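Got a structure for you, written out below as structure tokens; questions coming shortly.
The values are calculated or read from the model by the stated rules, or taken from the named source; none is laboratory data. Quantities reported herein were computed from a predicted structural model and do not represent experimental measurements. Here the Cβ positions follow ideal geometry from the backbone for every residue, glycine too, while neighbour counts run over all protein chains shown.
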Amino acid sequence: MLPILLIFLVIASVVGYKVISAVPPLLHTPLMSGMNAFSGIIVLGAISAFAYSPEEIKFWAGAALVMAMLNVVGGFLVTERMLKMFRKKVDSGEDELT
Amino acid sequence: MEYMDIIIAAVIVIGFILGIRLMQMPQTALWGNRLGALCMLLAILYTLSRVDLLASYSIWILLVGGGILGVCLGYQVKMIQMPQMVALFNGLGGGASAAISGWALAVNGADANFVFWLTGLLALSLGTVTFIGSLVAALKLQGFLSQKPVILAGHKYYLAVLLVGGIILIVSGMLISDAFLYYLMPLMIIVFLLYGILMALRVGGADMPIIIAFFNSLSGIATAICGLSVENLFLVGVGSLVGVAGLILTQLMCKAMNRSLPAVLQGFKSEPVSAGYEEAGDKPESREDEKKEGEQEISGEPQHPEERIKMLADKAQKIIVVPGYGMAVAQAQQQVYELIKNMESRGKEVKIAIHPVAGRMPGHMNVLLAEAGVPYEKLFEPDTINPEFSEADLVVIVGACDVVNSAANTAEGTPIYGMPILNAHLAPNIIICNYDDQPGYSGVDNPLYKEEKVITMWGDAGGTIPAVNEIFKDASPE
């Protein structure tokens with residue numbers, strides 16, 4: 001299993017480096033909040049932990065679940081809100097030509 | 001682990017990467033974000049089905065509960081607060097990684113191998129540092145803690161001792177594994193909690209973009225390492241993406257401020273220096289004297305500042321606006337955009353120059369201006385806009401100091417020497433609308449303030465910008 005995990009690690013890092021480097025500074029804040037949402041992927045670990053947890057330490061799996069979901073939903077939501085604000089041109093009629 | 005699992009994980013991770021690929025352009029970025037969200041949903045449903053919990057109430061309550069909290073936070077946060085929001089999310093990501101690694105060590109540690117213990121303990125420590133460090137950073141940005149670097153006596157020794165102690169604990173954990181859980185793991189968590197607090201406390205002010213990007217990266221790295229220990233391909237793949245993104249941004253921010261990451265983490269901050277003036281033959285006198293001097297220079301000119309601006313308003317054709325964090329603090333984005341629209345309606349060409357560290361996190365200024373309605377086509381990066389300053393007729397600086405401080409080019413030995421700046425000083429005419437004539441975060445005086453071609457308007461940008469706007473309205477014909 002470890003070799004496959006390491007292959008994932010290396011490929012994701014190398015391809016990720018190429019793709020992420022090309023994101024313009026204009027979008028760096030949405031990129032970061034998007035990455036917040038991505039880091040919520042730990043929720044998958046939390047789900048597995050929750051499934052197989054002995055009762056005494058189930059709390060920690062549950063806490064991780066909530067934290068991770070907060071990241072996932074909050075992260076994607078603020079990214080969506082921000083990206084919607086980026087407009088190419090001023091909407092017609094909004095220009096004040098006084 | 002079957003082949004099918006690997007293939008599904010690979011496909012979903014590729015989906016996440018395509019999502020980032022779409023974020024390379026503002027036109028498609030929204031869909032990139034949505035693709036990411038879809039991939040996340042698929043990954044969650046797939047995992048739930050694998051552990052047979054699709055129909056479990058308790059897990060859905062927790063998932064939806066966390067989601068609702070996310071919705072509340074995500075809707076309420078203002079754009080100016082985005083840095084602390086991201087810092088908080090970094091912390092939660094790190095905290096979740098730490099909780100899962102600790103959980104995995106406690107449950108599976110007994111008969112696990114060396115790799116499991118190494119990765120588990122590493123993820124636990126990194127996650128803990130990210131969790132508490134990010135919370136401290138978020139509290140600082142929100143203003144609950146001092147924005148300035150807080151440096152205790154012997155700060156760096158504490159940090160060194162804690163780090164060495166933490167490493168010894170990690171190594172001992174790998175050696176004695178089982179007994180470690182009960183006696184040493186709580187101690188290790190405390191050590192790294194203290195380390196994270198001390199580390200974040202001594203970073204402040206304009207260094208915040210770097211520390212946020214750094215913790216962003218750490219939260220991803222902790223997730224990826226945690227994925228190695230619990231053998232989850234999704235965690236490894238997506239965690240690596242987050243880690244790499246954070247590292248790229250950290251590097252960019254360090255370059256934009258000409259600082260090294262270790263220097264930032266040490267809370268390095270030089271005394272205010274006026275080497276630039278000493279070289280130029282000026283004595284660094286007290287502020288009031290300097291100010292008087294500046295006023296005299298202006299009054300020595302034939303006209304009042306207002307009249308000079310009026311003249312410029314008539315003849316300037318090519319204008320570049322340089323916003324800084326001061327503008328955001330004064331909440332003057334809207335007024336600045338009004339001014340720009342007014343200039344444009346008078347046939348002038350206006351561009352906006354954005355320095356990477358103009359805000360409190362990477363790209364922050366772009367978001368703030370986008371929120372005010374400024375189309376992103378008007379926003380330019382230093383590399384693109386710098387050659388144009390010498391051709392511009394007028395530069396308007398709003399709440400920016402260090403990013404236009406030409407001492408960065410000349411004053412060797414000052415903290416900002418070598419920092420890439422916006423070359424506003426090359427323009428023939430400059431209007432500065434800053435709060436006061438104090439130096440920026442770097443503590444280095446800005447020689448621009450004393451130049452003759454510069455018209456200064458001290459005060460809140462929410463007041464001075466409309467004043468300038470009025471002059472433009474009166475002056476130039478439509």
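Among the residues of the range B:33-52, write down those that are facing chain A (nearest Cβ under 8 Å), closer than 20 Å to A:Met32 by Cα and surrounded by 17 or more Cβ atoms within 10 Å (Cβ to Cβ).
Across the range B:33-52, the qualifying residues are B:Asn33, B:Gly36, B:Ala37, B:Met40.
Out of (1) surrounded by fewer than 19 Cβ atoms within 10 Å (Cβ to Cβ); (2) polar (S, T, N, Q); (3) closer than 16 Å to B:Val322 by Cα, the odd one out for B:Asn409 is which?
Status for B:Asn409: all satisfied but (3).
While we're on this one: Looking at (1) over 22 Å from the mean Cα position of the chain (by Cα); (2) assigned to a loop (DSSP other than H, G, I, E, B), which is the one condition that is false for B:Ile465?
So B:Ile465 meets the others, but not (2).
If B:Val403 passes every condition in (1) in a loop (DSSP other than H, G, I, E, B); (2) at pLDDT below 90; (3) within 14 Å of chain A (Cβ to nearest Cβ) but one, which one does it miss?
(1)
Just one of B:Val77, B:Val51 is among the β-branched types (Val, Ile, Thr) and under 16 Å from A:Leu77 (Cα atoms); which is it?
B:Val77
Considering (1) part of a helix (DSSP H, G or I); (2) closer than 30 Å to B:Thr384 by Cβ; (3) touching a helix residue (DSSP H, G or I) at 6+ places or on another chain (Cβ under 8 Å), say which one A:Lys88 fails and leave the rest.
Unmet for A:Lys88, out of (1) part of a helix (DSSP H, G or I); (2) closer than 30 Å to B:Thr384 by Cβ; (3) touching a helix residue (DSSP H, G or I) at 6+ places or on another chain (Cβ under 8 Å): (1).
Also, I was wondering about something else. Touching a residue at least 12 places away in the same chain (Cβ under 8 Å), surrounded by fewer than 19 Cβ atoms within 10 Å (Cβ to Cβ) and touching a Lys or Arg at 6+ places or on another chain (Cβ under 6 Å): is that true of B:Glu349 in this structure?
Here the answer is yes, as B:Glu349 does meet what is asked.
Shifting gears a bit: Tell me yes or no: at least one residue of the range B:372-379 is in a helix (DSSP H, G or I), more than 26 Å from the chain's Cα centre (by Cα) and surrounded by fewer than 24 Cβ atoms within 10 Å (Cβ to Cβ). Working first, answer last.
Quick first cut of the range B:372-379, residues in a helix (DSSP H, G or I) only: B:372, B:376-378.
From what's left, more than 26 Å from the chain's Cα centre (by Cα): none.
No: the range B:372-379 contains no residue that is in a helix (DSSP H, G or I), more than 26 Å from the chain's Cα centre (by Cα) and surrounded by fewer than 24 Cβ atoms within 10 Å (Cβ to Cβ).
Of all residues in the range B:114-144, how many are in contact with a Gly (Cβ under 9 Å, 6 or more places away or on another chain) and either small (Gly, Ala, Ser) or not in a helix (DSSP H, G or I) (or both)?
Qualifying residue count, the range B:114-144: 8.
Among the residues that make up the range A:18-28, is at least one of them without any contact (Cβ under 8 Å) to a residue 60 or more places away in the chain, of a type in the set (Gly, Ala, Ser), more than 7 Å from every other protein chain (Cβ to nearest Cβ) and surrounded by fewer than 16 Cβ atoms within 10 Å (Cβ to Cβ)?
no
Considering only residues that are more than 7 Å from every other protein chain (Cβ to nearest Cβ) and not in a helix (DSSP H, G or I), look in the range B:63-113 and name the one that is surrounded by the most Cβ atoms within 10 Å (Cβ to Cβ).
Selected residue: B:Gly109.
Can I ask one more? If the requirement is being crowded, with 24+ Cβ neighbours inside 10 Å, facing another protein chain (nearest Cβ under 7 Å) and more than 19 Å from B:Gly93 (Cα to Cα), which of these qualifies: A:Phe8, A:Phe38, A:Phe76?
Numbers: A:Phe38 fails: more than 19 Å from B:Gly93 (Cα to Cα); A:Phe76 fails: more than 19 Å from B:Gly93 (Cα to Cα).
The unique qualifying residue is A:Phe8.
Please tell me if B:Ala153 is in a loop (DSSP other than H, G, I, E, B) and without any contact (Cβ under 8 Å) to a residue 12 or more places away in the chain. If you could, list the steps in order and put the result at the bottom.
Details: in a loop (DSSP other than H, G, I, E, B): yes; without any contact (Cβ under 8 Å) to a residue 12 or more places away in the chain: yes.
It is true that B:Ala153 is in a loop (DSSP other than H, G, I, E, B) and without any contact (Cβ under 8 Å) to a residue 12 or more places away in the chain.
List the number of the failed condition for B:Val11; all other conditions in (1) buried (at least 22 other Cβ atoms within 10 Å of the Cβ); (2) more than 10 Å from chain A (Cβ to nearest Cβ); (3) at pLDDT 95 or above hold.
All conditions pass for B:Val11, except number (1).
Please work out which one of (1) within 8 Å of chain A (Cβ to nearest Cβ); (2) not in a helix (DSSP H, G or I) is the condition B:Ala55 fails and give its number.
(1)
Now for a separate question. Among the numbered conditions (1) part of a helix (DSSP H, G or I); (2) at pLDDT below 80, tell me where B:Val336 comes up short.
Of everything listed in (1) part of a helix (DSSP H, G or I); (2) at pLDDT below 80, B:Val336 misses just condition (2).
OK, next. B:Ile189 fails exactly one of the following numbered conditions: (1) facing chain A (nearest Cβ under 10 Å); (2) in contact (Cβ under 8 Å) with a residue 40 or more places away in the chain. What is the number of that condition?
(1)
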